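Report on the following structure.
Each value in this text was obtained by applying a stated rule to the coordinates, not by laboratory testing. Just so it is clear, the model here is predicted, and its values are computed rather than measured. A quick note on method: Cβ atoms are made from the backbone with ideal geometry, for glycine too, and the neighbour counts reach across all protein chains shown.
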Amino acid sequence: MVIDLKRCTSCHSCTVACKAEHHTPPGVFWAKVVRLESGKYPTVVRQALPLLCMNCKEPECEKVCPTGATKKRPDGIVIVDSKQCVGCRYCAVACPYGARNFSSDWTDYFTGEKKPSSEFAAHSKKKWMKESDKGVVSKCNFCVDRVEKGLKPACVNACPTEARTFGDLDDPESEVSQLIKKRRGMQLHPEYGTDASVYYLPAR
Amino acid sequence: MESSSTSSGSVLQFEDFKSGPRAQTEWGFGGKRKWRDGWLLMAMFLGGIGAGQFVVSTWFFHSVTSAVVGVAIVAVGKTVAHLLYLGQPSRFYRLFLKPRTSWISRGLIFMIVFVAFAAAYLAPDIGFSWVPWTTGSSLGQALWLGAILSASLVMVYDGFVLASCKSITSWNTALMPPLFFTYAIAGGVAMTYLTVTAAGKKILSEGDMTTLDAILLTTMFALVVIYIVNMAASTATARESLRRLVGTRLAVAFIGLAIVAGLLVPLVIAYYRELAVEGTVASVLLAASCILELAGDLSIRHSILSAGLHTPVFSEGL
Amino acid sequence: MVKTSCGMCYGTCTVDVHLEDGIVSGIEGDPDSPQGYGNICAKGLSAPMMLYDPSRLNYPIVRTNPVKGIGVDPGWKRISWDEAMDLLTSKLKECMARDPRGLYTVGSPTFPAERAFNILSFRKAFGTPNYYTGGGGLHCGNGAHMIGGIYHASWSVIPDFKYTNLAIYWGCSKGHGAGHAANVAAKQAADAKARGMRLIVFDPFLSTQASTAEEWVPIKAGTDAAAALAMANLLVNEYGLYDADYLKWKTNAGYLIGPDGLYVRDKKTGVPLVWNTGTNKQDAFNSKGLKDMALEGDFEVSGVKCSPSFKILKEHLKKYTPQYASEICGVPANTLRRVAKDFGEEAKIGSTINIEGKVLPYRPVASIYFRGSQGHYNQAWDCMSLVLLNHFVGAADVPGGALAFGPPVHLGYPGTGKLKYSVEPDKDGLMVASNWPYAHLPYPPNEPKDPPQRLDLQDLFYIPTYTTIMAWENNEELWQKFKIPYRPDVMISFATNQIMSVGNPKTLFENFLKKFRFIASFNIYSTEFEEAAADLVLPDASFLERYSSATTFPTVGVSCHATGLGEWIWAIRQPVIQPMAERRPMVDVILELSERLGLHDKYLEAVREWVDRAYGGDIDLKKVFKPGEKLNFERLLDVIMKDRFGEDKGLEFFKEHGYLKWDKRVEEVYWRWFNDVRVPVYLEWIIRAGRKSKAVAEKYGVPDLVDWSAHTALPDWRPCPTHAEKDPEYDLEGFYWRSALHTYSMTMQNPWLDEVSQNDPYTYTIQVNAETAKRKGVKEGDYVWLENPKGSKARGRVHLTDGIRPDHVAIAANAGHWGKGLPRAKGKGVFFNELIEIDKEHTCPVSLGQDICVKLKLYKDGGARSG
């Protein structure tokens, strides 16, 4: 995935699109936007940095996972098998990108209780329990179910400024590869050797 | 409960949304589940002192009771703490599946191996006289050696777990394994003394023990100083970790408990005892010193976990 | 899957709503729709959380506690719909018998905006002229809309994102994902930036767009006019960078002005005169033989000394030296010079562009204002000064320039030719809009009513919106003096939270809301307004549970079409699920009320009038509806749409397709040079209109109702009350900004949006400059109080930033709820409105809009740290 920082306005559409797609419970964010600020008034620079799982080619999380629940698929997407995860959270601590979320149980957004407060909440709970489980770690999976159907990930689909492009990094002719080449796309923390699959196009 | 911060009126930014260094909120007290996440700290602590106690008891002081207690702390205490911590305890067996890359798998395998060796080694002394070896036999000595080795690994693996987290600068240092190891040994000494004393026995050589303790305390103090200097000279994130250790409420645990109560006071006691005091006063002082050391042991582990900060995702600036 | 229009803000993007087992399971944008381009924002995505909120009102409730007031427990009691309708009908009948003008209708500019025509029609049928819009004080723009209407025949202005090369934003953030055309503008602005459009943002804080801009110019709040007038001065007096052709043929710059400040007119025809430089004598501005005219010089016509208005304006601007402006606005004089020059040069005056075979002036610069620059005492003239920059360089409704928002010109739906309207000149040659949502057009000025009929005295003035006079402390005295025989009687509120959205809630309640005998409210929650003031609350359907006739067309207060070339769209809203529990769409209730009150015919007549004006074309509804046929909204929609688009495009078509789109024509988008209309760079008519209003006020013994000296023809900067604050303790200027996460006051109750807001450092906090905070001993996350000189206070958490002027504090969104009916929203964010006053001193004397900036002192909260 490529995210164009020049286009992003930090509207948090991705954050909520992800929530709506995966029904993540309170406190769990697979996608989010972090706001950075540097400089001194009046020469100050503020940047929105949309974050999600980097689906690294050399994923730290996969390395440290003692259970084998975290797996890298042949297409590069890193997934968590929620039926195999024990919730030790080594991965969440080892991930340099804060992409992993532990959730001890599903709770209702309105009441904070384990009992759903509406039919939508019940639907949400059902979806989440199918997607993940209680007491385990979860994370963005590039909307693997959507991608397999030929759809774009939910955050890419929603983004009002169309700052996100999804595609095949291994194909040098793909739009993402071309964007990275032309706009000098960069990875976050390349020094950790994670070889992240999310590239950022500089804003300035 | 996780949702308490969001459903109540108070506005709190989750760590993962912060632009600066982000505290890890998974391991230790004050994690996402507040108290329950403290069980991981307890597991690390119990694993360290339990293994340490076995080593100290069998190597230096030959106390079977203490050694048994040490093994029990690991086998029961650490295991229970782990199970209480896990999100899905019924799947605990999966933790052992990936020793090839995961330090948690390795550590827990060390633990099993240790408990197996230690139990086998101690078996003849605790009523299982039918086993075909004695503690003194060469097979027994081999078992002991195995137990000592695996105990050392149990003591040290926590350090490797933390050090393997690349983005947490205050953990990602070669100091972690020796620090955890030394603390485990010192904890073992303290536990041994307390166990033996509690059992109404007298430690064979209080003098030796004090000397050992003094050496350990000095080493630990040196390691902590190096750790601090290291952080101060490292990245902004490490400096922020240090600031939290010495400049926030965490300083109560780090400076107050871990350094003053857990290191300096026992050191003073150790030297003071060597110089003057005799008899029961000394024993009481030593016991107090041991309790302080254990508190310090727990505190330093707590402090290190709590001060674990991830480097900002976008640290190169804008 | 159901195709409908999102209703979480007035951007109304076309959405595909997915259902699973009868539950709304997901919402996404429709990729083929020009309304959203298939994208969707956080607000839209979180719609299910509003639909299924357990705090939603599900049945009618009535107040049992006779005491009203802010913070009072209303003691809600559930009643049946029959009881509710009987109660409301009887109260309205009593009101009708006393004086129908005692009915006040109050609408919201957002959630139900597209349903406005039903409310307007009901109000008209009932016979009351009284209404205003919740949020009208704080969020809406009297000055902005008035000036938008006069200069662009439109609600607002926006850059031509496809061609603009340099945009200057003044206190606005168009393209950040909220407000007008939220999503559409966001994508267009991003495309523009990717193309290389430069953006310079004048704002006291680093707004969303400022943070992505090439340059942020930190300016003091309420001083934009001073900066803009200095730039205007530089353009015409120093750099000579102005479009003389545009000024001559598209404005009244050449009109001769006499010593009385008014046009010199032809004695016989009354037509304003210009100086014909070909014949070297006066000529009618629209004379056939006129080839060129003077913009400068002194002339004499029939013994009267006169000059072109441009010369007068040019002279007038001379006092706005960059130095003088700099002292007012806090922007270095050199910056003003540099930006003015950049703007003037980048305008490429004289250049043309060929679009679809049509050669048009190409002026790729735009000076764009909105909420921030207009929320001030001088807002009419502030906005005029800002828009004047565009008109000096001819960058108005031409490729690259500032474009009208919404469609001022539409040549008709290709299939039927209907839905047609355009701009037209009046006898003075000035532009008259034909499509305008409010009581009367922005131009020509309304004749003042003598005596005024409305409780807010709006009809005494010539403004196209409304005033806050009905909530002034001396309102009773004014009503007596103006011999208004009736008083506030019954109010029907349509999805507003007036307690939080108008201004100081205590002022509004004590001076105004308390005076009503009966207040009924349609809403989806019991908000602070219902709890404080309502007697009866009716559970409304939210946007996924109801119909709307038209969400994008025309500019019914819903300015949401994409700017520039592309497609027009007529979209409807339709129920995705049936209203849950006992919720009822308020339109259906209004229609039933109309029947119960015997207003059937009058209602249809009012709808006809409105549809005629706003949708273009005539349709005799009384003939369509059979005698005795009950009013029915779906039927009404079907009739209107078949009339506009043909027999095959009735409601069934729209239910299936959701919308209808067709290509925009160059003449519609860049309409300025295709229509023989002019705009006034010299607002001569304001002198005349102001005099008329003043005469009526004087006649009734209120000569100083407002400062009439501001009713002049030339732009000036006038200070806000805050600029005159002398007490050094009040050293911070507070202002409000709009977060892309929220639509006014309602969305904090949405847990998804609320959770994200908590995690965004700016949305729920008070932004304070880091140095200022240091000086005051305030740290990140501290709770502080902000207090205005009158003692009104607001509490909130501090966020330190370098992205704000040291002498300002910024507060986002309309937050800080305390009502029991909004448990999730309670205590979230900061309630800014508590700090702003509703009185004469804080009212623009020309546009009657509210001044919303405020001087504050900041001190640490000594109390508990819990929220």
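Relative to one another, the C-alpha centroids of segment B:47-78 and segment C:194-217 are positioned 66 Å apart.
Note that segment B:79-96 has calculated 3J(HN,Hα) couplings of 4, 4, 4, 4, 5, 5, 6, 4, x, 10, x, 5, 9, 4, 4, 5, 4, 8 Hz, one per residue in order, obtained from phi through the Karplus relation 6.51 cos²θ - 1.76 cosθ + 1.60 (θ = phi - 60°); glycine and proline are x.
If the viscosity is 0.890 mPa s and the temperature 25 °C, what Stokes-Einstein diffusion coefficient in µm²/s follows for segment B:196-318 when Rh is the Kirkwood radius over Cα pairs? Walk me through the intermediate numbers first.
Values: Rh = 16.0 Å.
It comes out at roughly 153 µm²/s.
Mind checking the mean number of beta-carbon atoms from other chains within 10 Å of the Cβ atoms in A:115-122?
Details: counts 0, 2, 4, 9, 6, 8, 4, 2.
Mean inter-chain Cβ contacts per residue within 10 Å come to 4.
Think of the protein assembly as shown as having a plus end and a minus end, set by charges on the Cβ of Lys, Arg, Asp and Glu; of B:Ala258, C:Pro34, B:Ala199, B:Ala199 sits farthest toward the positive end of this dipole.
For segment C:721-860, how big is Rg over Rh, using alpha carbon atoms and the Kirkwood form of Rh? Intermediate values should be presented prior to the final figure.
Values: Rg = 15.0 Å, Rh = 15.5 Å.
Reported Rg/Rh, Kirkwood definition of Rh: 0.97.
Where only DSSP H runs of four or more residues are counted, chain B gives -19500 deg cm²/dmol as its mean residue ellipticity at 222 nm, each run worth -39500 (n - 2.57). Spread over its residues, the convex hull of the C-alpha atoms of segment A:2-201 is 142 Å³ per residue.
Could you sort out which of C:Lys358/C:Lys622; C:Lys268/C:Lys311; A:Lys83/C:Lys3; C:Lys311/C:Lys840; C:Lys449/C:Lys820; A:Lys6/C:Lys250 sit more than 32 Å apart by Cα distance in this structure? The partial results should precede the final answer.
Values: C:Lys358/C:Lys622 44 Å; C:Lys268/C:Lys311 26 Å; A:Lys83/C:Lys3 37 Å; C:Lys311/C:Lys840 34 Å; C:Lys449/C:Lys820 43 Å; A:Lys6/C:Lys250 37 Å.
From the list (C:Lys358/C:Lys622; C:Lys268/C:Lys311; A:Lys83/C:Lys3; C:Lys311/C:Lys840; C:Lys449/C:Lys820; A:Lys6/C:Lys250), the Cα-Cα distance tops 32 Å for C:Lys358/C:Lys622; A:Lys83/C:Lys3; C:Lys311/C:Lys840; C:Lys449/C:Lys820; A:Lys6/C:Lys250.
Projecting the Cα atoms of C:Gly350, C:Ala253, C:Gln498 onto the charge dipole of the protein assembly as shown (Cβ charges, centred on the Cα centre) puts C:Gln498 farthest toward the positive pole. P(r) for segment B:80-139, from all Cα pairs and a bin width of 10 Å, is 20, 36, 22, 21, 1 %, short bins first. Secondary structure note: in the protein assembly as shown, about 65% of the DSSP beta bridges are antiparallel.
Over chain C, what relative contact order in percent results from Cα pairs under 8 Å that are six or more residues apart? Once normalised by length, the contact order is 19 percent. Amide H to amide H, with H built 1.01 Å from N, B:Leu97 comes under 5 Å of no residue 5 or more places away or on another chain.
Under 5 Å between amide hydrogens, built in the peptide plane, is the criterion, and for B:Ile168 it picks out B:Thr311 among residues at least 5 positions away or on other chains. In vacuo Debye scattering of segment B:110-251, one point per C-alpha: log10 I(q)/I(0) at q = 0.13, 0.16 Å⁻¹? Results for segment B:110-251 at q = 0.13, 0.16 Å⁻¹ read -0.76, -0.99.
Just in segment C:678-763: which GluC sites (Glu not before Pro) are loop by DSSP and have at most 15 other Cβ atoms within 10 Å? It would help to have the intermediate numbers written out before the result.
Details: sites: C:Glu684, C:Glu698, C:Glu725, C:Glu729, C:Glu733, C:Glu755; in loops: C:Glu725, C:Glu729.
Within segment C:678-763, the qualifying GluC sites (Glu not before Pro) (loop, at most 15 other Cβ atoms within 10 Å) are C:Glu729.
Between the alpha-carbon centres of segment C:738-817 and segment A:157-204 there is a gap of 34 Å. Averaging 1/r over every pair of different alpha carbons in segment A:1-93 and inverting the result gives a Kirkwood radius of 15.5 Å. Please tell me which of these pairs span more than 25 angstrom C-alpha to C-alpha: C:Lys790/C:Lys860; C:Lys828/C:Lys860; C:Lys515/C:Lys692; A:Lys182/C:Lys348; C:Lys43/C:Lys857? Beyond 25 Å between Cα atoms: C:Lys515/C:Lys692; A:Lys182/C:Lys348; C:Lys43/C:Lys857.
In this simple spin-label model, placing a label point 7 Å from the Cα along the Cα-to-Cβ direction at both B:Lys202 and C:Asp21 gives a separation of 7.5 nm.
Taking label positions 7 Å along the Cα-Cβ direction at both B:Phe128 and C:Asn237, the computed distance is 10.1 nm, reported to one decimal.
Over the C-alpha trace of the protein assembly as shown, radius of gyration and Dmax come out as 36.4, 135 angstrom. For chain C, the alpha carbon positions stretch 78, 71, 59 Å along the principal axes, listed from largest to smallest. Would you please name the trypsin sites (Lys or Arg not before Pro) within segment B:91-124 that are DSSP coil residues with at most 16 other C-beta atoms within 10 Å of their C-beta? Sparse-neighbourhood loop trypsin sites (Lys or Arg not before Pro): B:Arg100.
Assuming a ≥ b ≥ c are the square roots of the Cα gyration tensor eigenvalues, decide whether segment C:432-580 counts as rounded (a/c under 1.5), prolate (otherwise, with a/b larger than b/c) or oblate.
On the way: a/c = 2.61, a/b = 1.22, b/c = 2.15.
Oblate, because a/c is 1.5 or more while a/b does not exceed b/c.
Take every pair of alpha-carbon atoms less than 8 Å apart whose residues are at least six positions apart; their mean separation over the length of chain B yields a relative contact order of 22 percent.
Over every Cα atom in segment C:1-155, the radius of gyration and the widest Cα-Cα span, Dmax, amount to 19.9, 53 Å.
Applying a 4.7 Å Cβ-Cβ cutoff to chain A leaves A:Cys8, A:Cys11, A:Cys18, A:Cys56, A:Cys65, A:Cys85, A:Cys88, A:Cys95, A:Cys143, A:Cys159 as cysteine residues with no disulfide-compatible partner.
Here is the list for segment C:303-400: trypsin sites (Lys or Arg not before Pro) lying in DSSP coil, each with at most 13 other C-beta atoms within 10 angstrom of its C-beta, are C:Lys318, C:Lys319.
May I ask for log10 I(q)/I(0) of segment B:1-155 at q = 0.11, 0.14, 0.16, 0.21 Å⁻¹, from a Debye sum over the Cα atoms as equal point scatterers with solvent left out? Values, matching the q order: -0.54, -0.75, -0.90, -1.25. Comparing B:Thr237, B:Thr211, B:Thr173 in a Gaussian network model of chain B where C-alpha atoms under 10 Å apart are linked, the largest mean-square fluctuation is found at B:Thr211. In segment C:721-860, the DSSP beta bridges split such that about 60 percent are antiparallel, to the nearest 5. A helix-only calculation puts chain C at -8000 deg cm²/dmol for mean residue ellipticity at 222 nm, using -39500 (n - 2.57) for each DSSP H run of at least four residues, averaged over all residues.
Can you figure out the FRET efficiency of C:Lys514 with C:Asn354, using R₀ = 56 Å and their beta-carbon distance, to the nearest 0.05? Provide the component values of the computation, followed by the final result.
Details: r = 62 Å, r/R0 = 1.11.
The calculated FRET efficiency here is 0.35.
Computed from backbone phi with θ = phi - 60° and the Karplus coefficients 6.51, -1.76 and 1.60, the 3J(HN,Hα) list for segment B:24-32 is 6, 10, 9, 10, x, 4, x, x, 4 Hz; x is used for glycine and proline.
Kindly provide log₁₀ I(q)/I(0) values, in the same order as q = 0.08, 0.11, 0.14 Å⁻¹, from the Debye equation applied to equal alpha-carbon scatterers of segment B:23-310. At q = 0.08, 0.11, 0.14 Å⁻¹ the computed log10 ratios are -0.34, -0.64, -1.01.
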